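One structure is given below, encoded as structure tokens.
The values are calculated or read from the model by the stated rules, or taken from the named source; none is laboratory data. For clarity, every value in this text was computed on a predicted model and none was experimentally measured. With ideal geometry, Cβ positions are generated from the backbone for all residues, glycine too; neighbour counts draw on all protein chains shown. When the accessible area is computed, the model is the full protein with side chains, heavy atoms only, and any ligands, DNA or RNA have been set aside. Shrake-Rupley method; radii C 1.70, N 1.55, O 1.52, S 1.80 Å.
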Amino acid sequence: PVCRLFGFRSSVPGRAHRSLLEAENAVARQSIRHTNGWGIGWYVDDDAYVVKAATAAHESERFQRASRGLTSHTMVVHVRRATVGIIDTMNAHPFRYGRWLCAHNGTIFSFDEHFKDWMLEQIDEGFRPLIMGDTDSEHLFYYLLSALADNGISRSGRLPSDARTVGRVMRAALLALDHRAVELNLERPIVNVLLTDGRCFLAHRAGMPLHLSTQKHFCPDFGTCPEPSKVCMLARRPEDKPVNHLLVASETIGEENVWEELEDGTTLVLDEAFYVYRTAPEPGWTEPELPERFRRSLTE
């Protein structure tokens, strides 16, 4: 009942065709069980672009062509398994406004009954007419953009933004959804999110797995190497040491990458200078539970 996310930010433009098509557990392979749409967002210079469709990625010639041909320093890719909203191109992710791209993996339970109107109240009046689909995810995107605008962040993303401020605001807005569900005694929302303006890149995990990679395997003894100067994984990398690239994915992709699982409740921020920051889960945070009816459908 949930979608799959993949995104990357690199210091040099590159292609993602291996992660999307060729690697072990590539996104196209994941789409066999997530058939309700796909989308790829990328950047050319200062502009964000999106191509998407309401078909299965592994059966789409357009997905194959885009995956092999596109080159960019930043990409956000999504394959959909619908929970809220009809199967339609308008409901495929990622969503774009100006330079902002956003993709969501999860579900806001009881969205129509308890969250839609509440979120619309929080969404800037100028954004409301831009909601063309009927998903919780598109509302979530403009809900986040409105929170950023309320805190002085560029609405279009065309002005440089302080990445850590963006992360703080995004995190607070997502936690507010969780708090509302708790207050109303509702099932807590599953909100894994990727958000970027092509300079900063942000990820938040709440309720479903999310993995990151900042390094490839360079030697056969990587896993056991005791050399203290070899800072290969983000967990062992000091915050004053930038990375060259960042991959974030719902499922690990490609054995050549060193993958780490992001702890539930964590917000990850990559700034324009490629420094990575993690905000730990809130004190007392517990992972939102996927309801039994959804857990059963995972095996269908």
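Take every Cα pair under 8 Å in the range 145-218 that's 6+ residues apart, average their separations, divide by the length, and report that relative contact order as a whole percent. Walk me through the numbers on the way to the answer.
Details: 61 pairs, mean separation 15.8, N = 74.
Contact order relative to length: 21 percent.
With θ set to phi - 60°, apply the Karplus curve 6.51 cos²θ - 1.76 cosθ + 1.60 along the range 271-280 and write out the HN-Hα couplings as whole Hz, x wherever there is a Gly or Pro.
After applying 6.51 cos²θ - 1.76 cosθ + 1.60, I find 8, 5, 8, 6, 8, 10, 10, 10, 9, 5 Hz.
Grab the Cα-Cα distance for Glu292 and Val44, subtract it from 0.36 nm times how many residues apart they are, and report the gain in nm with one decimal.
On the way: separation 248, 0.36 × 248 = 89.28 nm, distance 4.28 nm.
Going from the current span to full extension adds 85.0 nm.
Could you compute the net charge surrounding Glu263? Neighbours are other residues with a C-beta less than 15 Å from the C-beta of Glu263; K and R count +1, D and E count -1.
Values: positive: Arg171, Arg205, Arg278; negative: Glu260, Glu261, Asp264, Glu282, Glu287.
Its environment carries a net charge of -2.
What Rg and what Dmax come out for the range 153-196 when only alpha-carbon atoms are used, in angstroms?
13.1, 40
For a quick protection proxy, order the peptides 123-136, 162-175 by their average other-Cβ count within 10 Å, most packed first.
Numbers: 123-136: 15.7, 162-175: 19.3.
Highest mean packing first, the order is 162-175, 123-136.
Report the accessible area of Val182, computed with a 1.4 Å probe over the heavy atoms of all protein chains in place, in Å² rounded to the nearest 10.
90 Å²
Provide Trp100, Trp42 ordered by accessible surface of protein heavy atoms (probe 1.4 Å), highest first.
Result, largest first: Trp42, Trp100.
I'd like the FRET efficiency for Asp134 and Thr279, computed as 1/(1 + (r/R0)^6) with the beta carbon distance as r and R0 of 30 Å, rounded to 0.05. Kindly include the intermediate steps, with their values, before the conclusion.
On the way: r = 32 Å, r/R0 = 1.05.
Using R0 = 30 Å, I get an efficiency of 0.40.
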